[in-house]
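The values are calculated or read from the model by the stated rules, or taken from the named source; none is laboratory data. Just so it is clear, the structure is predicted and the values come from calculations on it, not from any experiment. Positions of Cβ are backbone-derived with ideal geometry, glycine not excepted, and every protein chain shown enters the neighbour counts. To get the accessible areas, we keep the full protein, side chains included, count just its heavy atoms, and leave off ligands, DNA and RNA. Shrake-Rupley method; radii C 1.70, N 1.55, O 1.52, S 1.80 Å.
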Amino acid sequence: MKAVIFGASGQDGRYLTKECKKKGIEVIPFSRTLNGLSGDISNFSIVNNIIKDHKPNYVFHLAANSTIKHDAIFDNHQTIATGTINVLEAVKKYSPSSKVFITGSGVQFKNDGKNISEESEFEASSPYGISRIQSVYTARYYATLGIKTYVGYLFNQVTNISHTFIIGNKIF
């Protein structure tokens, strides 16, 4: 079993890498800052080659610039939205049996003080949220093409870090 993790040097990527290795899954880490596979997820050629060369069982798109500031609008769009298209199109072309996990965020939902769920209304209140919303709609589109896509919403707290990744019926 193999897993490509885009955003492997971030907090979630480091935890996921550790958990995959515990489960005996070979990890192919990718990040802008790694010494190994590094580059820009918004570059289709790079993403395409990684998927083509490794044909992973699992693909995780965790890459993001975690800021809601307007001056990050282009970086957020390229990393999150364009990155999602690149990952899903490469999987469609070269590894259509891969399961693809795309991260979502609570920031993409309308904040009316109530608990949120996947059925909650989206609200484009920041460049980061806009990119996450586009990423979810892209994943939904590729699911109609037969690609196994999963969107997970990760909520990290400094005082109580808990990470759960659900892929198919397996919990990491």
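A few comments on the model shown:
- Residue satisfying all of: in the range 136-153; aliphatic (A, V, I, L, M) and part of a helix (DSSP H, G or I); nearest to LYS92 (Cα to Cα) among these: ALA143
- Tabulated pairs, the range 127-138, first under 11 Å from HIS77 (Cα atoms) and basic (Lys, Arg), second part of a helix (DSSP H, G or I) and open to solvent by 10 Å² or more (accessible area, probe 1.4 Å), C-beta under 8 angstrom, 6+ apart or interchain: ARG132/VAL107
- Flag if GLU118 is over 20 Å from ARG14 (Cα atoms) and either open to solvent by 70 Å² or more (accessible area, probe 1.4 Å) or aliphatic (A, V, I, L, M) (or both): yes
- Elements of type helices (runs of 4 or more DSSP H) in the range 26-94, at least 3 residues being open to solvent by 10 Å² or more (accessible area, probe 1.4 Å) and free of Cβ contacts under 8 Å to residues at least 12 places away in the same chain: 44-54
- Once the range 121-150 is narrowed to residues that are modelled with pLDDT of 90 or more, hydrophobic (A, V, I, L, M, F, W, C) and in contact with a Lys or Arg (Cβ under 9 Å, 6 or more places away or on another chain), the residue that is surrounded by the most Cβ atoms within 10 Å (Cβ to Cβ) is ILE147.
- Residue list for the range 1-39, restricted to those being within 14 Å of the chain's Cα centre (by Cα) and either among the small types (Gly, Ala, Ser) or closer than 18 Å to GLN78 by Cβ (or both): ALA3, PHE6, GLY7, ALA8, SER9, GLY10, GLY13, PHE30, SER31
- All of SER45, SER31, SER66 fail the test of being under 12 Å from PHE6 (Cα atoms) and not charged (D, E, K, R), apart from SER31.
- Filtering the range 102-115 to residues that are surrounded by 15 or more Cβ atoms within 10 Å (Cβ to Cβ) and within 16 Å of the chain's Cα centre (by Cα) leaves ILE102, THR103, GLY104, SER105, VAL107, GLN108.
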